[in-house]
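Colleague: What follows is a single structure, and I will ask about it in a moment.
All of the numbers you see were taken from the coordinates with simple rules; none came from a lab. Quick caveat, the model's predicted, so the values are computed rather than measured. Don't worry about glycine lacking a Cβ; one is built from the backbone with ideal geometry, like all the others, and counts go over all protein chains shown.
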Amino acid sequence: MTTSTPTPVLEARNVTMRFGGLTAVRSVDFTVNAGEIVGLIGPNGAGKTTFFNCLTGLYVPTEGTVSYKGTVLPPKPHLVTQAGIARTFQNIRLFANMTVLENVLVGRHTRTKEGLWSALLRGPGFKKAEKASEERAMELLEFIGLAHKRDHLSRNLPYGEQRKLEIARALASEPGLILLDEPTAGMNPQETRATEELVFAIRDKGVAVLLIEHDMRFVFNLSDRVAVLVQGEKLVEGTSEVVQADERVIAAYLGEPFEGAPGEAEAAEVEAAEAAADATGTTSTTSTKGEGQ
Ligand SMILES: Nc1ncnc2c1ncn2[C@@H]1O[C@H](COP(=O)(O)OP(=O)(O)OP(=O)(O)O)[C@@H](O)[C@H]1O
Ligand SMILES: [Mg+2]
């Protein structure tokens, strides 16, 4: 949603990331405003995840700065989380042998004041904070629809639920901005539609959203603005309509004009996905290839 006077939440200025001779991200300027859902698209290897890693302190950009609500962020992941930016990963990173609830509680630790000694001694302050944390974690599990699985081990969840749990864990740090790296990768069309609703609901709670996706229907339905990264450079940025119609984007990435017509093809996809899930009894755990994701 764009308001008359946009308030920037995230501002990346001239962000460049080089790995030896390879420039993965080149002089990217990028803004996300309060209340917005912004999509970041581009071919495999375009530098999207690398850009996320620069925004979240996982990588120290070779050049450029990243600001959150007007303050330049130090390139340290925990400080970025503390400042108010949360993220999910292209390749799911959950604690496989922890329960669903415990995974969300891990995400809360940046927001709890109780220190290590208090936790070890389990004093009254710790117990009170622990109870409040658990209540908040359960609220988030209800929000994503996984409260009934609070005591399941995360590794036993179907793939789509693991992705949702990662979102709940990210939300547990009470961010003002959430970055989602391919949130629907490996999901069937029904799960993708549910995730679309979830992203709108997150935005409606006052959290700005920046998402990377290859599912064009998902991106163009959701996003107030879409930026296209090609070979590390921002090629085009604009509304879904503008980006879908841009000939450079079509040539570099989309291939043909995007048509958001669901219908038969989608129904067939749902059936195929369900048949595949029935056949294997479970789903895989990785989405796409790559390192440092
Ligand atoms: N830590 C690293 N060291 C060296 N090269 C890297 C590193 N991380 C990423 N790259 C390179 O940077 C380029 C961009 O990769 P990146 O993962 O950011 O692409 P992407 O747009 O996220 O692609 P995909 O859609 O496949 O996830 C690739 O050529 C990749 O090999
Ligand atoms: Mg990526």
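Colleague: Would you mind classifying region 1-94 by shape? Square roots of the alpha carbon gyration tensor eigenvalues, ordered a ≥ b ≥ c; an a/c under 1.5 is rounded, otherwise it is prolate if a/b is larger than b/c and oblate if not.
Modeller: The shape class here is rounded.
Colleague: Sort 169-182, 145-158 by packing, meaning the average of other beta carbons within 10 Å per residue, with the highest value first.
Modeller: The most tightly packed comes first, giving 169-182, 145-158.
Colleague: Using a/c under 1.5 as the rounded threshold, could you call region 135-211 rounded, prolate or oblate? The axes a ≥ b ≥ c are square roots of the C-alpha gyration tensor eigenvalues, and prolate needs a/b larger than b/c, oblate otherwise.
Modeller: oblate
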